Structures are given as structure tokens and as C-alpha cells.
Amino acid sequence: MGLPQQQHQTTHRPAPSSVQLISKIPKILPHERVFPIQIGSELFKLSGASISSDAPSYFSQYFHCQIKQAEENGEDIATAIRTLYIDRDPGTFKDISLHLQGYHVQPRNATHFVRLFADAQFYSLPKLMSQLYEESVFTSIGHREFQIPRELFTDPGNSPNFFSLGFAIFFSTPDDLFPGLDREGLLRPPSIVPPSVPLRSADTFAEILHLLRGYPVRIRDEAHRAELLRDCRYFNFKGLEQRLIPHSISFNQARRREEIVLRLKDILKSGITIANEPTPTDHLAGWVTYARPFVDDRPYELVLEIGEECTRLHFGPGGPSTPPIRAEFFRDSRTRVAKLFEVIATKLNLPPTTQPLGLLMAKGGASSQPPTPGNTPLSEDLVRVILDPEASVTLDGRPWIPDDEATLFGSGGGGNMSAPSSAGGTGGGQDSPMSTSAALQLSSGPTRKRRRLDSHGPGPGGGADEWIIKTGQWRLRIQGAKNGKAAVECVLVAVKLDAMSSEGTRNAQRNFLG
């Protein structure tokens with residue numbers, strides 16, 4: 001019978017008494033004594049235990065000095081303690097007194113949060129300051145109030161952002177919440193207004209918060225996507241922006257590798273890499289790959305989309321079926337292609353320019369040169385193009401197939417094109433030669449009707465000399481250059497083109513405003 005009693009005594013420990021709990025509070029002030037504090041028009045009486053529970057503070061130092069002075073003068077402590085008067089809001093101090101008495105104080109709204117925030121610093125309450133530093137951030141967007149968990153703003157892909165930079169006082173350390181403020185002789189803390197951004201959409205911001213929490217948001221249309229992207233850039237949520245930009249990731253079974261399709265204007269320098277795939281005839285061969293910063297954990301083979309009718313293809317004497325084929329870019333696309341080639345050249349450890357240093361200095365340096373692919377070591381002003389038989393080409397609204405079955409056109413240095421080997425994968429395996437007849441057989445097939453190019457008519461602007469590309473998708477191939485400015489060049493391999501051979505075609509596709 002003795003053994004069960006012993007087990008009962010060891011498993012059920014007595015609850016700690018109130019004396020034990022109070023003893024955990026440092027004895028800065030006598031725990032049992034009551035100290036008067038008048039805030040504005042209201043008088044509060046707090047025990048020494050409550051004041052000592054969040055100390056050292058303005059209160060504990062004030063009363064500790066009075067007690068010490070009374071002891072030195074031999075005075076009675078009860079009569080020596082004077083009421084501390086502070087001209088602050090008594091309503092806010094009611095919550096602070098609850099905090100000192102051991103209750104958890106939860107900010108109710110943005111105004112309540114900033115008042116607690118300011119007074120906790122003014123009274124130098126370390127525990128309350130630390131608690132508020134961990135609390136959600138209250139902000140008003142488009143005149144609607146939001147309570148946002150602080151960790152949503154500290155994700156590495158989305159920080160620093162508009163809130164951590166614009167409202168830095170709410171994101172600083174608890175030890176320095178009023179940076180640069182001299183507390184000596186301070187009568188009252190500076191006025192703090194709740195964070196607000198009145199000129200942005202509350203509905204859009206609510207969807208952005210939904211995305212930041214990890215939930216998907218259905219993109220209704222491109223206008224909706226543009227709204228989300230615009231505000232992501234405004235608030236500097238870079239990781240979220242990369243998730244929202246138009247893109248397509250898929251596995252190309254024919255090439256045995258994963259691809260990502262992105263628009264030219266969405267390409268970032270930090271996402272570009274080079275996958276080397278040397279062949280028996282070209283040890284410099286490779287492909288440009290891309291991984292979206294903060295989002296993708298590995299690179300994919302890049303398929304670059306360039307639209308807005310800013311690309312023009314120039315053909316040689318034999319038309320589109322014979323090399324050389326060159327691409328000319330206009331407006332912003334010209335600048336973006338030039339910058340893209342500069343980044344690729346850097347990844348290949350090529351010099352940033354091939355012009356002599358003296359010439360650059362005479363013209364004001366490399367930065368003074370116009371942004372054009374010709375100012376990079378990878379290309380001339382007109383970029384080399386490979387019009388592969390596997391490319392899908394729509395010309396003037398109808399499928400286009402090359403006339404010349406004996407020519408494999410646009411292939412840089414001539415000869416056979418290359419197709420991925422069965423080893424495949426981004427950055428892996430080598431290319432194996434593919435014969436001209438086999439390539440054209442894949443391109444045409446027995447049932448596809450060929451459309452003759454001469455139906456467009458010769459001459460400048462006609463189908464035999466130039467095409468205007470409304471929208472094009474291209475792979476970026478790195479290959480050895482025989483007669484280029486450097487030993488390596490970047491060429492555009494056509495994937496899918498929507499082309500026009502004349503202005504008449506463009507006019508036919510116009511829509512009336514009414």
C-alpha cells in the first residue's frame with residue numbers, strides 16, 4: 001500500500017503559490033507597497049510588483065529614487081512617496097496598467113496600436129515594447145484598415161519592401177524604436193500617425209495579402225494581372241511579382257528538357273544562366289536558361305517572347321529559305337535585347353565591348369554608346385536568326401512552309417542543324433546531327449500543303465525581302481562564330497512566329513474604333 005501512495009505524491013505536484021509567482025518578479029520596488037500615478041485627469045494606483053514586472057522603466061526609476069532619498073534622509077517611506085503626474089492619455093494607460101498587472105494587451109486598431117507604441121517607448125517599458133514589436137502591423141490601404149502579420153513583410157523574396165522602408169520606425173529593433181531621439185528632457189514622444197496609403201486599391205491589396213499568405217488568386221484577365229503587378233511593384237514585393245508575371249513552364253518531350261516562356265520585358269539579370277552543350281563540331285555550343293529570382297529552384301531552357309511588332313526579319317537574296325537571316329529590333333525592344341546580350345556576354349566571361357578603349361574614351365566611354373546588340377561582343381546590329389524547320393510560322397494569317405526542300409536555312413555557319421540527344425535535360429547531354437532531309441520531313445509531312453513565297457511579290461517590304469514579326473518566340477543559342485567580332489555569338493532560333501509580309505496585311509487586320 002505504501003508504493004501507490006509514493007507514486008501519487010511524485011506525479012501530482014502542488015501548484016505554485018501566489019507568493020512563488022510574485023517572487024519571480026524582480027524586487028526593484030517593494031512588491032506590497034502601492035504607488036500613485038496620475039495620467040491626465042485619472043489617478044492610478046499600482047503595486048510595486050506590477051511596476052517591477054516590466055522594468056527598468058520611467059515609473060520604477062522615479063519611485064526608486066524617492067525611496068532611496070527617503071532612506072538617506074531618515075524619512076518615512078509612506079509619507080515621502082509623492083504622486084507621479086504625467087500629461088498623457090488615461091485611456092491608453094488603462095491598457096498599459098493591465099499589461100503591468102499581468103494581462104495580455106492586444107492592439108484593437110491602427111490608432112490604438114500607435115498610441116500603445118508611442119507610450120510604451122515614452123515610459124520605457126521593455127516587455128511591452130518587445131511585445132508590440134512582434135505584433136501585426138496595422139495599416140490603411142485605400143481607406144480600408146488591414147492587420148498584417150509581420151512575418152509576411154520579412155520574407156526574403158519580398159523584403160525590403162514599401163512598409164519596412166517607408167514605415168521603418170515600426171520595423172526597427174525594440175532597443176531603438178525612436179532612432180536618434182534624445183530621451184533626456186523629453187516632455188512627450190513625437191506624434192505618430194497610423195501607416196496609410198490612401199491612393200492604392202484596397203481590393204487589389206487584399207488579393208496581394210491573400211497571395212503572400214500562400215493562397216492562389218485566380219487571374220481573371222490581363223487587366224487584372226496588370227493591376228496586381230502594378231501594386232506589387234509599388235509595394236516592392238519582388239518575389240510575388242515573379243510569381244505573377246506571365247509565364248509558361250512545360251516539359252518539351254521532343255527536346256527532353258523543361259522550358260520556360262517569358263516576355264522580353266520580364267527578364268531579370270539575376271535569372272540568366274548558360275547551359276553548355278558542346279557538340280563534336282562546336283565545343284562552344286549551349287543554350288540560354290532562366291530561373292525566376294526568388295521563385296524557381298532550378299533553371300529552365302528559355303523561350304523568349306518578343307511582341308508589339310518591334311522585330312523585322314531581313315532575308316538574303318534567296319528569301320526566307322536561305323541564309324543569312326538577320327533580325328532588327330526597334331523601340332524599347334532594341335535596348336532590352338542589347339542589355340540581355342550584355343548580360344549573356346558577362347556570363348560567358350566575354351569583355352563588355354569590342355571597341356578600342358581609346359575610341360570609347362573619345363566618345364565619352366562605353367556608357368555613352370547607344371544601346372544596340374552591335375555594341376556587345378555577341379552580335380552585330382542585326383542579330384543572326386535561325387529559321388528552323390521545326391518552327392511554327394504564320395505569315396499573313398496562313399501557315400508558311402519553306403519552298404526549298406534542299407536547304408536547311410539560316411543555320412549560322414551552314415551545314416547540318418542539331419537536335420537534342422536522348423540524354424536531354426536542361427544543361428545536360430550533347431546534340432546529335434540531324435540530316436537535312438530528315439529535318440524537312442519532320443517539318444512538312446505528306447499532308448501539309450506548301451505555300452509558295454513568290455505569291456507575295458518581290459521588292460522592298462515584300463515577303464521575299466522582309467517580314468515584320470507581330471509576335472515571336474525564340475530560343476537563344478550560343479555557338480562558335482567563324483567571322484564574328486568574337487569567338488562566340490548568340491543567335492535567335494525561331495520557335496513560333498506571327499509574321500506579316502507587307503503593310504497591306506497589317507491594314508487588313510486593323511479594327512475600326514466603333
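The values are calculated or read from the model by the stated rules, or taken from the named source; none is laboratory data. Being a predicted model, the structure only gives us computed values, none of them experimental. Every residue, glycine among them, receives a Cβ derived from its backbone with ideal geometry; neighbour counts consider all protein chains shown. Please note that ligands, DNA and RNA were not included when accessible areas were found on the heavy atoms of the full protein model with its side chains. Shrake-Rupley method; radii C 1.70, N 1.55, O 1.52, S 1.80 Å.
Count the net charge of all other residues whose Cβ sits under 13 Å from the Cβ of residue 307, scoring Lys and Arg as +1 and Asp and Glu as -1. Spelling it out: positives minus negatives among the neighbours equals -1.
Computed with a 1.4 Å probe over protein heavy atoms only, the accessible surface of the stretch 232-272 comes to 47 Å² per residue. A 1.4 Å probe, protein heavy atoms only, puts the accessible area of residue 248 near 60 Å².
Under a 5 Å amide H cut-off, with hydrogens placed 1.01 Å from N, residue 268 pairs with nothing among residues at least 5 apart or on other chains. Using a probe of 1.4 Å, the accessible surface attributed to residue 247 totals some 80 Å² when neighbouring protein chains are kept in position. Near residue 263, the amide H atoms lying under 5 Å from its own belong to 305; only residues 5 or more places off or on other chains count, and H is placed 1.01 Å from N. Put the Cα centre of the stretch 50-91 next to the Cα centre of the stretch 382-400 and the gap is 85 Å.
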